[in-house]
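Input: a single structure, listed below in structure tokens.
The values are calculated or read from the model by the stated rules, or taken from the named source; none is laboratory data. Just so you know, these numbers come straight off a predicted model, no measurement behind them. For neighbour counting, all protein chains shown are included, and Cβ atoms are generated from backbone atoms with ideal geometry for every residue, glycine included.
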Amino acid sequence: MNTSSLRSRHVVVLGGTSGIGLATARAAAEAGAVVTVVSSNPASVEKALAELPEGAHGHAVDLTDAAAVDRMFARLVAEVGPVDHLAYTAGEPLALMSLDELDVDRARQFFELRYFGALGAVRAAAPHLSDGGSVTLTTGTASARPGPGWSVAASICGATEALTRALAVELAPRRIRVNAIAPGVVRSPLWASMPEADREQLYRQSAASVPLGRVGEVDDVASAYLFTMVNPFTTGTVLTVDGGSVLA
Ligand SMILES: NC(=O)c1ccc[n+]([C@@H]2O[C@H](COP(=O)([O-])OP(=O)(O)OC[C@H]3O[C@@H](n4cnc5c(N)ncnc54)[C@H](OP(=O)(O)O)[C@@H]3O)[C@@H](O)[C@H]2O)c1
């Protein structure tokens, strides 16, 4: 993939201090982009900046706080300049909830970061996005292939995919492309709160059910975000990076 068009471009990764987002920020920086990473925990931001190539920027903001997100964009644009490419990878572990134990208030809460956080971030970023730039959101394979207990997670993914298509249409007059990446199971800190034995079992079970026979690594997925940034004719697309899990 030719990523030379990213050289000196400003790439902002919301959720870029861990896992898929950090791998995306690293890949963009290695391609010569000026990178800003954002997440809620100041210590995560510091740690990510220590891992990224010199010259990266960071901000600590809770992406569910719309007013704080507005202020953060004003600040980062003043410091670094307009945003050429925006990636939204912020997320949290989603509890599976079968219907008989589903708590509707908790279900609604799960939309805050993954769906409304993404919508709010694009709204706040839009005035600062360069014409000809891109937005890449994050969904998952749950919408195409939900399991029992996945109604909330599948709905968040479905809503994000619909949002991607709607934003692609709305921002097309400015030649801003909007796409989403749908990862399958990826080995990342997202699963860190699980006991290690359960986590390894999840990876083993997932690998066994995936045609390519393994779970994803963050770099597998990061390259998809770079693809949607650099490909000038891709918009409104959901790019699945899952080792074929939706085929199984
Ligand atoms: N890993 C997988 O198997 C997988 C599969 C399908 C889809 N996905 C989705 O892909 C995305 C990235 O996953 P990942 O595996 O890279 O997860 P991760 O390693 O846990 O990273 C999540 C990032 O989101 C940030 N974040 C969490 N809450 C935030 C908030 N309120 N405001 C701002 N930032 C916040 C975290 O930093 P702070 O803690 O500092 O806030 C962190 O940088 C998520 O949406 C996830 O659901 C992951």
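Given the residues Ala125, Ala90, which is the only one that is within 16 Å of the ligand (Cβ to nearest atom), in a helix (DSSP H, G or I) and at pLDDT 95 or above?
Values: Ala90 fails: in a helix (DSSP H, G or I).
Matching residue, one of Ala125, Ala90: Ala125.
Among the hydrophobic types (A, V, I, L, M, F, W, C) and within 13 Å of the ligand (Cβ to nearest atom): does that describe Val45?
On the way: among the hydrophobic types (A, V, I, L, M, F, W, C): yes; within 13 Å of the ligand (Cβ to nearest atom): yes.
Yes.
Applying a threshold of 8 Å to beta carbon distances and a minimum spacing of six or more residues, or different chains, the list of pairs starting in the range 1-25 at a residue that is within 16 Å of the ligand (Cβ to nearest atom) and ending at one that is assigned to a helix (DSSP H, G or I) and of a type in the set (Lys, Arg) reads Thr17/Lys47. Here Val135 meets each of (1) modelled with pLDDT of 95 or more; (2) assigned to a helix (DSSP H, G or I) with one exception, condition (2).
Every condition in (1) part of a helix (DSSP H, G or I); (2) under 16 Å from the mean Cα position of the chain (by Cα); (3) away from the ligand (no atom under 16 Å from the Cβ) holds for Glu170 except the one numbered (2).
Pairing each residue of the range 38-50 that is closer than 9 Å to Thr17 by Cβ and part of a strand (DSSP E or B) with any residue that is among the hydroxyl-bearing types (Ser, Thr, Tyr) and near the ligand (Cβ under 8 Å from one of its atoms), provided the two are 6+ apart or on different chains, yields C-beta distances under 6 Å for Ser39/Thr17. Across the range 181-239, the number of residues qualifying as within 11 Å of the ligand (Cβ to nearest atom), without any contact (Cβ under 8 Å) to a residue 24 or more places away in the chain and within 21 Å of the chain's Cα centre (by Cα) comes to 2.
Tell me whether the range 226-243 contains one or more residues that are farther than 30 Å from Ser8 by Cα and among the aliphatic types (A, V, I, L, M). Spell out how you get there, then give the answer.
Our first condition is that a residue be farther than 30 Å from Ser8 by Cα; within the range 226-243, this holds for 242-243.
Right, trim to among the aliphatic types (A, V, I, L, M) and you get none.
Scanning the range 226-243, I find no residue that is farther than 30 Å from Ser8 by Cα and among the aliphatic types (A, V, I, L, M), so the answer is no.
Yes/no matrix, rows are residues, columns are (1) surrounded by 18 or more Cβ atoms within 10 Å (Cβ to Cβ); (2) more than 28 Å from Val34 (Cα to Cα); (3) not small (Gly, Ala, Ser):
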{"position": "Pro82", "(1), (2), (3)": "no, no, yes"}
{"position": "Glu92", "(1), (2), (3)": "no, no, yes"}
{"position": "Leu137", "(1), (2), (3)": "yes, no, yes"}
{"position": "Ser151", "(1), (2), (3)": "no, yes, no"}
{"position": "Ala162", "(1), (2), (3)": "no, yes, no"}
